[in-house]
Structures are given as structure tokens and as C-alpha cells.
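Here is the structure we will look at, set down as C-alpha cells.
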Ligand SMILES: Nc1nc2c(ncn2[C@@H]2O[C@H](COP(=O)(O)OP(=O)(O)OP(=O)(O)O)[C@@H](O)[C@H]2O)c(=O)[nH]1
Ligand SMILES: [Mg+2]
């Protein structure tokens, strides 16, 4: 053998070795998909922005073990894993929150995704021997909260869904909003031959009704199907021209049959796709719940939110349907229920807020525990907009919050009402026991380069990712 | 809560004057404990403070009287001595007077230092009690004061300065008291624990080797005693006790009282099994075996000192274990033989 061959051979050997090393490194790189779920306006977009910002700047996460023990190296944004999903516009949202005139991000219109690589030193000597620094790729997805309520549709037939929706529409607080659509529904004959014109008209009226539900104060949460109000890339798609109809299954070629067909098509090509592409592959899940917003909305708003929450948590109920049991059984092993916007109340109230949240999710929680996943509840704020202060009032010391409410430019001290330690949140005889104002993002948030200020985001991260970063 | 009390207590939501508010913390009446909230963490039993236990009142009177007699006798003797020196010659008198005043001043200074060190030990015990209470209640508003007290304890320690700054940055008004205690535990004390563990490791290796190599039992007894005392003082200084002589004695007494609590007191038999069970080499050489046993004892002393001097009690997840020291020591026979 000639010398040349030999060097070639050793060169190839080294190359092969390098490649093997790379492959091994990639294999050792972990990936974790974090599902951020929450009804509309629950705080998903702000949560993801604050999470990414705090991991990138790494200055405000003392309860994250990898930080506290000094093993964290750095985090950095990486290209998308899925080329056909838009990127989560972290920079734009951060710019909005921290710019000269801080403002909240707009309601989310479509799905987006972000991948973040976290580089850290493994905690165990054994893993350090293999690799001095490991990488964990964190994938998060953001989407309009309206779409979440599509998931329970997978379990409902058109007839079941129609009955439920019509029943709801005939009762307060929805009855005044649904008059037009209900009048139309009562005037048509579902058994009549299908006319595209009728279908369009019904869908338009129904969509207008859903928009009204979303618009009124206090806002209603239970709005189905989600794409009717947040179509994303499906604006004016023929798939969205259906609505619930009274009565039972009708003959072929009837309006009823047409609507049912479209409902089923919606389920398979929109909802199921959304589910399999983004929910079926999750490792960890955080469910954001705007408990305070619901309290603000009074008993009716609270009841509606509870019902929507129950529906969106239905996937977690025991024996409901196979697909979610499979989901829980095989992958998601930690679920965090978080009451968001905890900075709307004084810090001394966080304990009571958590207790209240515990009551909300008790059923889902015990089911998830039964399936073997760990569950935690927490009161958090992705972006802390207020300080807790003490004020003297009629000889008593009140714990209040101080911040700048949206629409004003001077700080206000607000006593928003105390959350009782029990579950009786609306004592009889009290008109509006709570008044949680929304606050502007604080001026100069994160200007110190340590990341956005938050409440318990680090503890949430420790629960959700901590063990991946051991 | 009945309807009427709720009515009296109830306050409608409202906006208040921004100028009339004060940021936390504010001195106020003790917060009411949250009903029905049990401390969630499994806690170690609180470390006992032996306040005037054993010492009977008669004994204390006796000691006081004896001390007074000795002091008076000393005073007479000194006065006598001074008078006689001045009678002999002025120069000698001045010399003796100077010596006496130096002795008095330095004795006073020493006494002061001792008292201060005793106070610091008591202070740490108080802090531990407070931390225990705060963690159990998870109230709000007292954590800052606790953090301040701890920062004062470690004031002027250059090694802890960056850590204390980090702690101050980490604590916000949104943390409840239990979270503040946990932050202190993680940010400040965890580092001290690691250092204390290293000190313990080093001391137990020292005693083990000294015992194994010493030619006579008397010598190694002295070495072990001296090294253990030194270790206790090192650990105490690390956690901020700065013990003097009496302080050390007091510390040792506390440690003895807490040996059982700290969970490191096992029968001598157990120690021997630890030491000998794993290693054949140790069985061959009794001196080396003796060394390992002494090393393990020193480790126990060190860990007990950690329990006694730490301002926040160890929880179940971070209590120091003998494990690593034990494995380290068990390799010793091979090194020595
Ligand atoms: N004070 C405070 N307000 C918050 C926080 N997070 C969210 N908010 C408020 O909640 C609103 C909704 O937050 P988003 O993050 O946009 O909610 P979302 O879940 O993404 O909503 P959709 O995109 O409509 O599904 C914001 O405009 C803020 O007013 C927080 O941490 N603190
Ligand atoms: Mg959003």
C-alpha cells in the first residue's frame, strides 16, 4: 500500500470519527417540546416572550437550579424545526413590551413556533465525563387561544354539538347576542335541499354572534369553533361555512347533511391536524388560566370561563377518548396549571389565588395524577407590572398594588379587593367585589439586561424543564 | 368567619392616594398565621437550644461566689503587689503598674470578644427559629427583615459580598416569606455548605492519616482532639459564629446535645462496620482501621457543627451526608499501605 493511500485512509478515519462524534453529540442533545395552552387572553404570548427573554438574558431565574448552581452557559435562538410554521416573533413582542411607549402584544392571529438552544454543564459527574457541555433544545408554540376550544369538538358529533350550542345560545348571557342567528335558525327547514346561499347566510350570522360574544364586557370564553373568529390562514375558506342546526339527523342532500359534512371536514382537516402537529408531540405542558380576569367578569363570566376551562381540560378526563389517554400515557409527564397576571393583586394574596386555582382544576388534576404525570399549581406573572405597597386606610393597613393602568400615565395605588381564602369568591350581596385593572408594562422593563421582571416564572421553569437540565 | 365579622372586615375595591403608600417592608403587628396550612416540607426536628438546662441554680450561685472571691483576692494581691513594688523603687512600681493595666485592658477586651461571640451564636439560633417559622407559615412581609438580619450577620465578609449582592437582586416584593428563606438557602448558604463540607473532608483525612501514622496512642489522641476542635472553629467561623474560647465550649456543648438530632450519632459498632466492612486492607492493619474510624468520627463532628451553626436548618434535600467522606476514607488504607 502506498503512503498516499495510508494518509487518505487515516484522513477518512478521522473524518469518520468526527462525524460519529457529531452524530453522538446530536443524539446527546436533548429536545423538549413545551405546550403553552390557555384560553384567549390568558397570557400565552407574554408568557412565551418572558420565558425566552429570561432564558436568553439569564439574570432573573434564581429558582432555576441550573442557574443557581452556576452550570448554565448560555441560551440562543435557533432556526425553526418545522419550515412550514411561521417563527414566533419574539423580537417584535419584546420591542412592544420594552419600547419607549410600552404596550402589550396584539391578540395572536395564527400559529407560530420558536426553538431555543440552552447550553449547560451537566450536573452528574458521569454525564460530564461523556460531554463537558450539553444542549437542550426547547421548542415552544404560540397560537390564538380561541383554537384551543376546538379540541373538545373532536369528541362531539354534529348533532351533539348543535344541541349544546343552541341550548347555550338560548340562555343568558348569550341570548341577547344570538337573536339574529336564532331567528334565522328557526326560520329555515334543516331537511330542505341544501342551498349554498343558506349555508353562507347561516355561517355569517353565527360568526357575527361569536364575535359579539367575544366583544361584550365581561367577555365570554366559550366560543366554538375557534377558526370562525380567528381564521388564521383560512379566511373565507368554504370549510368555515357551517353552523349548528336544530333538530336531528336529516336525509341526504339536506341542509343538515351539508352542514354535518362540513363540520366533520373541519374536524378532520383543521382540528385533528392542529392536534397531531402541535399537541401530540408535547413533553411538558403549562396551562395558563386568567383566574383574575374571570373574577373581574363577575359570577356569569366566571361560570363561563369555568365551563370553557372544563371543556379545554376534557382531554385530561379519565376515559373520555382514546387519543388523549394515549397522549398522556406516553408523553406528557408534567403539567403545570398557572394562574397568570398575579401581579394584579398584592403579593400577600398569591396564596389565596393558588388555593382558588386548586379548586378550579381539582378534577383534571386528580385525573392527570392518576395517569402518572406530575401536576403543580402556581400563581405567576410573566411580566411584573406592579409593586406591592402598604397604605393606611381608615386606621388599617392595606396591601395594595402600584402601577400605571392602561390608558393613563400616572402611577395609581389600587386596592383590588381581597381574595377570600376559601372557594366562596362572590359573597352574597356584593355587587362587584373585585376590580382588577390591567396595567401597562412597566417603563424600562429589563433595561438592566437581566431579563423581564416576573413573578415565579423561574419556579415554573424549574418544574417544567428542571429535570432536563440536570 | 361569620357574616357579621366579614361585613366589618370587608373593604370594597378602590383607588388610593399614591403618596400615602409605603413600599414593603413595614414594621407591623405579627401577621396572623394562615389557617389550615401545614408546612409542606418534611423538616428535620428543630435543633435544641440548651437554655440553662442541666446547670442548677445552686451551682450557679456557687460559681458566682467563687468567682467573686477570686476576683477580690486577685484585687487585694495586685494592690499589695503594687504597693510593695513602689516601696522598693519607683521604676519597678511604674513597670508593674504598666503590666497590671495592660493585663486588665486585655482581659477586658477578651471578655468583650467572648461575649460578642456568644451573642452571635445566640443570634444564629434565633435566625434558625425565625426561618423555621417563616417557612411553615408562608406569610408575606417578614422575609425582607429576615434577609436583612442575615446580611448584617455576614456584613464585612469579602468572600460573601458578591453573593449578598446577588441575593438582594434576586429577592423581590412578590416573594413570600418562605420563598425568601429558600432563596437565602440556595444563594448564600449552599455555597457555605460546600465549603464546610470540604473543610470536614480535609479534617477527617488529616485525622485518619495522623492516626494511621502516629507511633503512640497518646500522640494521636492529642492530634485528633486538636484537629476536631480546629474543625469546629473553622466551620463556625465560616457560618458567621466567630467563636471565642467560651464560645467554642458552648458550641461543643450544643453539638453534644444535638448529635442525635443531626442524625449522625451512631453506635461505635456501626462506625467500625462502616470502616471495616468495605475494605479488607483495613482489617489487616489495625492502625489503619483505627485511622479510618477516627476520620469518620471527625466527619461526624464536622457535620454536627454544620447543623449547629447554620442560620437556616437543613431540609431533607440538602442535608450533608457522610457518604462521600466515607468513600474517600475507605480508599485511605490502599493509599497508606
Ligand atoms: N399585569 C399583567 N398582565 C398580563 C400579563 N400577561 C398578560 N397580561 C395581560 O393579558 C393580556 C393578554 O396577554 P397575551 O399574552 O396577549 O394573551 P394570549 O393568551 O396570547 O391571547 P391570545 O393571543 O388572544 O390567545 C395582555 O394584553 C395583558 O394585558 C402579566 O404577566 N401581567
Ligand atoms: Mg397570543
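The values are calculated or read from the model by the stated rules, or taken from the named source; none is laboratory data. What you see is a predicted model, and the numbers here were worked out from it, not measured in a lab. With ideal geometry, Cβ positions are generated from the backbone for all residues, glycine too; neighbour counts draw on all protein chains shown.
Some notes on this structure:
- Residue count for the range A:374-394, restricted to those that are within 19 Å of the chain's Cα centre (by Cα) and either farther than 24 Å from residue A:53 by Cβ or more than 8 Å from chain B (Cβ to nearest Cβ) (or both): 9.
- Residue within the range A:113-126 that is surrounded by 15 or more Cβ atoms within 10 Å (Cβ to Cβ) and either closer than 30 Å to residue A:244 by Cα or within 16 Å of ligand 2 (Cβ to nearest atom) (or both) present: yes
- Boolean, residue A:121 is more than 16 Å from ligand 1 (Cβ to nearest atom), assigned by TED's automatic domain parsing to the domain that holds residue A:289, out of contact with any strand residue (DSSP E or B) (no Cβ under 6 Å at 6 or more places or on another chain) and at pLDDT 85 or above: yes
- Hits in the range A:214-249 - residues which are assigned to a helix (DSSP H, G or I) and either buried (at least 21 other Cβ atoms within 10 Å of the Cβ) or in contact with a strand residue (DSSP E or B) (Cβ under 6 Å, 6 or more places away or on another chain) (or both): A:226, A:227, A:228
- Being within 16 Å of ligand 2 (Cβ to nearest atom) and touching a residue at least 12 places away in the same chain (Cβ under 8 Å) holds for only one residue in A:348, A:435, A:382, and it is A:382.
- Residue A:397, sole failed condition from (1) assigned to a strand (DSSP E or B); (2) facing chain B (nearest Cβ under 8 Å); (3) in contact (Cβ under 8 Å) with a residue 12 or more places away in the chain: (3)
- Residue ID - nearest to residue A:110 (Cα to Cα), chosen from residues in the range A:266-280 that are more than 17 Å from the chain's Cα centre (by Cα) and in contact (Cβ under 8 Å) with a residue 40 or more places away in the chain: A:270
- Residue within the range A:34-44 that is within 16 Å of ligand 2 (Cβ to nearest atom), touching a strand residue (DSSP E or B) at 6+ places or on another chain (Cβ under 6 Å) and in a helix (DSSP H, G or I) present: yes
- Set A:148, A:136, A:126: member being away from ligand 1 (no atom under 16 Å from the Cβ) and either closer than 24 Å to residue A:89 by Cα or assigned to a strand (DSSP E or B) (or both): A:136
- Scanning the range B:184-205 for residues that are without any contact (Cβ under 8 Å) to a residue 24 or more places away in the chain and surrounded by 20 or more Cβ atoms within 10 Å (Cβ to Cβ) yields a total of 0.
- Number of residues in the range A:277-312 that are away from ligand 1 (no atom under 15 Å from the Cβ), crowded, with 19+ Cβ neighbours inside 10 Å and in a loop (DSSP other than H, G, I, E, B): the value is 2.
- Flag if residue A:433 is part of a loop (DSSP other than H, G, I, E, B) and away from ligand 1 (no atom under 16 Å from the Cβ): yes
- The number of residues in the range A:190-212 that are surrounded by 21 or more Cβ atoms within 10 Å (Cβ to Cβ) and within 16 Å of ligand 1 (Cβ to nearest atom) comes to 1.
- Checking B:241, B:218, B:232, B:180 one by one, the residue that is more than 14 Å from chain A (Cβ to nearest Cβ) and over 19 Å from the mean Cα position of the chain (by Cα) is B:218 and no other.
- In the range A:401-417, the count of residues that are more than 25 Å from residue A:102 (Cβ to Cβ) and within 13 Å of chain B (Cβ to nearest Cβ) is one or more.
- Check on residue B:179, over 25 Å from residue B:321 (Cβ atoms) and assigned to a helix (DSSP H, G or I): yes
- Residue list for the range A:438-457, restricted to those being facing chain B (nearest Cβ under 9 Å) and within 14 Å of ligand 1 (Cβ to nearest atom): A:453, A:454, A:455, A:456
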